[in-house]
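Okay, so here's the structure we're looking at.
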Amino acid sequence: MVVPSPRDLGAAIVTAAGCLAWWGVEKFAGWLSASTPASLAGATLARWQWVNIAAFAVNVVSVAIPGRIDDEMAEQMKKEAKARKKRPSVAPGVPKDSIYRSLVTPAGWAFLIWPVIYLAESVFTAAQASDALDPVSTAAYSSAAPWWLLACALQSLWCVAFRDWAKAPEHFWISGALLAAEAVALGRAVSAVDAARVAFPTAAYWCGRLPLALHHGWITAAAVVNVNSWLAVSDYPNEISSAEFQARAAFISHAAAAFCGCRVSWTTNDPTFVGVIAWALYAIAADGGWRKRLVERIGEEPLRAIARNALFHARVASALCVYLAAKPLVDPYLPDAFAGLLAWKR
């Protein structure tokens, strides 16, 4: 009889908790909607307000608890900087010799987006708790609330899973799966906001949709990065027999991230998601995926090709971001411009 190890039990508990959170939030949302009379405008939101505040508080506390793998990497980078008598970077990134370093690893500066996300989501949490919301904003916040709660729960579970106890290949996939599930939850939250809007107020966009879209884009990119880290961890410490497979995965990851970003933003007519994806891809290109063991095995040129591929897809994504951002400013003038062009041709 095979007795599961404490790490196996931990992996099973975290996985079950993630599935239970998804199931529970959907059931709770259905019950809440069914138990709220349609005549009570804003009542659904009122029930969710304190739940959302509590969920975000748990999320922030979970992120603040030290001991995650990224905390260990940051500490290692500080020690290396001190040994070289250099000032530690504000965003150190992933050490060059880390087993978690893959061919799809962003440069350290990419993680500076986290303070922006959490500041924006603090505004979101405060805004949804307001008792002076207009009907459109009330509908948007109440529709997004169940998926926001689920995203906070999955983010907290990721903080539990992204630790030393789950670094073995048979457990490390859990953190990536939680990020992917969180990306879906955030995407559903954004879709709920979009579906609820009729004439979306400007304040509701900046305080409601934008924070969710920022987090949605970054978590989507983080899930892609985490999957590639799992491939790297699965290969360590053996010979680089899977180098070619990791390289192909990197090329596919760049294209998949850019395609996902472009499709979501094109469909929603909003540049935020694809802009965040472009940010991540630029950071991946800047890092270059440098790993000493891979350089020794396959040489530097394949790594340069991977970096160029990431840069190409970053430019594609950023081009669409700029177009969608400029479109509202240009649209009012397009009919007159086309009319003038047709008149000139005649």
Revision key, fill the gap. Filtering segment 179-198 for residues that are touching a His at 6+ places or on another chain (Cβ under 6 Å) and touching a residue at least 40 places away in the same chain (Cβ under 8 Å) leaves a count of 2
Exercise for review: Of the numbered conditions (1) surrounded by 24 or more Cβ atoms within 10 Å (Cβ to Cβ); (2) in contact with a His (Cβ under 8 Å, 6 or more places away or on another chain); (3) farther than 18 Å from residue 21 by Cβ; (4) not acidic (Asp, Glu), residue 165 fails exactly one; give the number of that condition.
Suggested key: (1)
Exercise for review: Name the single residue, out of those in segment 118-133 being at pLDDT 85 or above and of a type outside the set (Gly, Ala, Ser), that is nearest to residue 78 (Cα to Cα).
Suggested key: 118
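Considering 130, 191, 229, which residue is outside any helix (DSSP H, G or I) and out of contact with any helix residue (DSSP H, G or I) (no Cβ under 6 Å at 6 or more places or on another chain)? Please lay out each step first, then the result.
Values: 191 fails: outside any helix (DSSP H, G or I); 229 fails: outside any helix (DSSP H, G or I).
Checking each option against the conditions leaves just 130.
Test of understanding: among 146, 106, 115, which residue is assigned to a helix (DSSP H, G or I), at pLDDT 90 or above and on the phi < 0 side of the Ramachandran plot?
115
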Review point. Residues of segment 228-254 being among the aliphatic types (A, V, I, L, M), surrounded by fewer than 24 Cβ atoms within 10 Å (Cβ to Cβ) and either closer than 21 Å to residue 275 by Cα or at pLDDT 95 or above (or both), which ones?
Key: 252
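Could you list, in sequence order, the residues of segment 1-25 that are at pLDDT below 70 and closer than 19 Å to residue 168 by Cβ?
Answer for segment 1-25, where residues must be at pLDDT below 70 and closer than 19 Å to residue 168 by Cβ: 2, 3.
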Revision key, fill the gap. Every listed condition ((1) modelled with pLDDT under 90; (2) closer than 21 Å to residue 63 by Cβ; (3) out of contact with any Gly (no Cβ under 8 Å at 6 or more places or on another chain)) holds for residue 89 save (3)
Point to revise | All positions within segment 31-52 that are farther than 21 Å from residue 181 by Cα and at pLDDT 80 or above | key: 49, 50
**Study point:** Options 151, 189, 180, 144; residue that is aliphatic (A, V, I, L, M) and surrounded by fewer than 23 Cβ atoms within 10 Å (Cβ to Cβ)
**Key:** 180
Review point. Of (1) modelled with pLDDT under 70; (2) part of a helix (DSSP H, G or I), residue 28 satisfies all except one. Which?
Key: (1)
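The values are calculated or read from the model by the stated rules, or taken from the named source; none is laboratory data. On a predicted model such as this, the values are computed, not experimentally measured, just so you know. Here Cβ is always computed from backbone atoms with ideal geometry, including for glycine, and neighbour counts include all displayed protein chains.
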